[in-house]
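Data block below; observations after.
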Amino acid sequence: MKVGFIGLGAMGRHMARHLQEAGHDMTVHDIRREAATPFLEAGADWADTPKGVALASEVILTSLPGPVDVEGVVLGPDGIADGITSGQVYLDLSTNSPVVTRRLHREMADRGVEMLDVPVSGGTVGAEAGTLSMLVGGDEELFNRMLPLLEQFGDKPFYCGPSGAGQVCKLVNNYISLSIQPLLAEAFTIGVKAGVDPVTIFEAVSRSTGNTPSMQRRYPTGLFKGNFAPGFTVNLGRKDLGLAIDLAKDFDVPVQYGPLSWKEYDETSKRDRGLLDTGAVALIQEERAGVEIRADIDAK
Ligand code: NAD
């Protein structure tokens, strides 16, 4: 199949690699041309614009930072919409606003193009391993038709409902997983200042009801080692929490805890830590509490 891929970043480069390794004819594009080098060396074609990708492909995928980028790439000058025609399929893998997603879905439908929202979960580790969870919105028959392609770079495609439903589920998921991180940092600073070492707290919580994937994924190899290499950046976390809070406003849902967490991501970003992994939100709490949650878990 002729597959176009736009956005070869932390997530996209792995997903596109799986598709290329599956034998598809790839055309790729990114504003950072150097991101395409490994794909071109492996035989992919380069397109100078998203329009060029659309002209060359049967299925076009995007993995872009957020709504503004996706709208620009789809509807902007030389965008996908300028090159795509009836019968083609567009899949957006970005975490996007459901409102923007539904607008793009209508724009595509007007051109006879089918679209699914396919936000993914599982981080760069899941992307690299091909084990991403995929939360899919759009027409169910199209979902079933696209399953073989989706399963080439993720192993858990899950149909959530009509257009935008994948994004709603993804934002609900990230509202939970991102909001919990500042709380985790508070809990650990309490425990460490109260005299118990971080690894013992980690092992105790791992066996108990407070256990959470956010702690399992980000503490042993991240915070304990002071390693904040992304991963999933603070700026993207701030974007996702912001999108979920906007969705709450759109649907008149009062919220308290998400906005408190959002402030921690915003503050972390303002302190020049926006390109670090989201685990870096703990640094603010460490500074406030005057304690560092560092440990050599391997030595335990
Ligand atoms: P990233 O910033 O590493 O990658 C985005 C890529 O898009 C970059 O290569 C960038 O150069 C390119 N890009 C940006 N604007 C562009 C444009 N106008 N035209 C062409 N290319 C453009 O981000 P990422 O971490 O790969 O995340 C991508 C999406 O996946 C985001 O929506 C994010 O929220 C979501 N996501 C990320 C993770 C994670 O762990 N990193 C996990 C799940 C979902």
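The values are calculated or read from the model by the stated rules, or taken from the named source; none is laboratory data. Note that the structure is predicted; figures quoted are calculated from it, not measured. Cβ atoms come from the backbone with ideal geometry, glycine included; neighbour counts cover every protein chain shown. Only protein heavy atoms, including side chains, enter the accessible area calculation; ligands, DNA and RNA are left aside. Shrake-Rupley method; radii C 1.70, N 1.55, O 1.52, S 1.80 Å.
If you check V120 against the conditions, is it within 13 Å of the ligand (Cβ to nearest atom) and under 25 Å from R238 (Cα atoms)? Please lay out each step first, then the result.
Values: within 13 Å of the ligand (Cβ to nearest atom): yes; under 25 Å from R238 (Cα atoms): yes.
Judged against the criteria, V120 is a match.
If we only count helices (runs of 4 or more DSSP H) wholly inside region 125-236, which ones have 1 or more residues that are more than 13 Å from the ligand (Cβ to nearest atom), farther than 21 Å from Q285 by Cα and assigned by TED's automatic domain parsing to the domain that holds S269?
165-193, 198-206
Which residues, taken from region 108-129, are surrounded by 18 or more Cβ atoms within 10 Å (Cβ to Cβ) and either acidic (D, E) or closer than 18 Å to Y159 by Cα (or both)?
Result: E114, M115, L116, D117, V118, P119, V120, S121, G122.
Which of the following residues is open to solvent by less than 10 Å² (accessible area, probe 1.4 Å) and either within 11 Å of the ligand (Cβ to nearest atom) or outside the structural domain of K239 (by TED's automatic domain parsing) (or both): L55, L75, L91?
Result: L91 is the single residue among L55, L75, L91 that is open to solvent by less than 10 Å² (accessible area, probe 1.4 Å) and either within 11 Å of the ligand (Cβ to nearest atom) or outside the structural domain of K239 (by TED's automatic domain parsing) (or both).
When you check L247 against the structure, is it buried (at least 18 other Cβ atoms within 10 Å of the Cβ), farther than 18 Å from E287 by Cβ and either within 13 Å of the ligand (Cβ to nearest atom) or among the aromatic types (F, W, Y) (or both), yes or no?
Judged against the criteria, L247 is not a match.
Sort out which residues of region 260-300 are closer than 22 Å to V196 by Cα, modelled with pLDDT of 95 or more and open to solvent by 30 Å² or more (accessible area, probe 1.4 Å), and write them in order of number.
Passing the criteria: E287, R288, G290, E292, R294.
Yes or no, residue by residue, for (1) among the basic types (K, R); (2) without any contact (Cβ under 8 Å) to a residue 40 or more places away in the chain:
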| site | (1), (2) |
| --- | --- |
| L236 | no, no |
| L247 | no, no |
| V253 | no, yes |
| L260 | no, no |
| K263 | yes, yes |
| A280 | no, no |
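If P65 passes every condition in (1) of a type outside the set (A, V, I, L, M, F, W, C); (2) in contact with a Phe, Trp or Tyr (Cβ under 8 Å, 6 or more places away or on another chain); (3) near the ligand (Cβ under 8 Å from one of its atoms) but one, which one does it miss?
All conditions are met except number (2).
Has region 243-259 got at least one residue that is in the same structural domain as L178 (by TED's automatic domain parsing), among the aliphatic types (A, V, I, L, M) and within 26 Å of V199 (Cα to Cα)?
no
Inspect all residues belonging to region 1-16 and state whether any of them is over 17 Å from V118 (Cα atoms), open to solvent by 30 Å² or more (accessible area, probe 1.4 Å) and more than 10 Å from the ligand (Cβ to nearest atom).
Yes, some residue in region 1-16 is over 17 Å from V118 (Cα atoms), open to solvent by 30 Å² or more (accessible area, probe 1.4 Å) and more than 10 Å from the ligand (Cβ to nearest atom).
Those residues that are of a type in the set (D, E, K, R), more than 12 Å from the ligand (Cβ to nearest atom) and surrounded by fewer than 19 Cβ atoms within 10 Å (Cβ to Cβ), I need them from region 17-52; list them, please.
Those that are of a type in the set (D, E, K, R), more than 12 Å from the ligand (Cβ to nearest atom) and surrounded by fewer than 19 Cβ atoms within 10 Å (Cβ to Cβ): E21, D25, E41, D45.
Give me the pairs, please: first residue somewhere in region 110-136 and among the acidic types (D, E), second residue anywhere and within 11 Å of the ligand (Cβ to nearest atom) and assigned to a strand (DSSP E or B), beta-carbon distance under 9 Å, and either six or more positions apart or on two chains.
D117/D92; D117/L135
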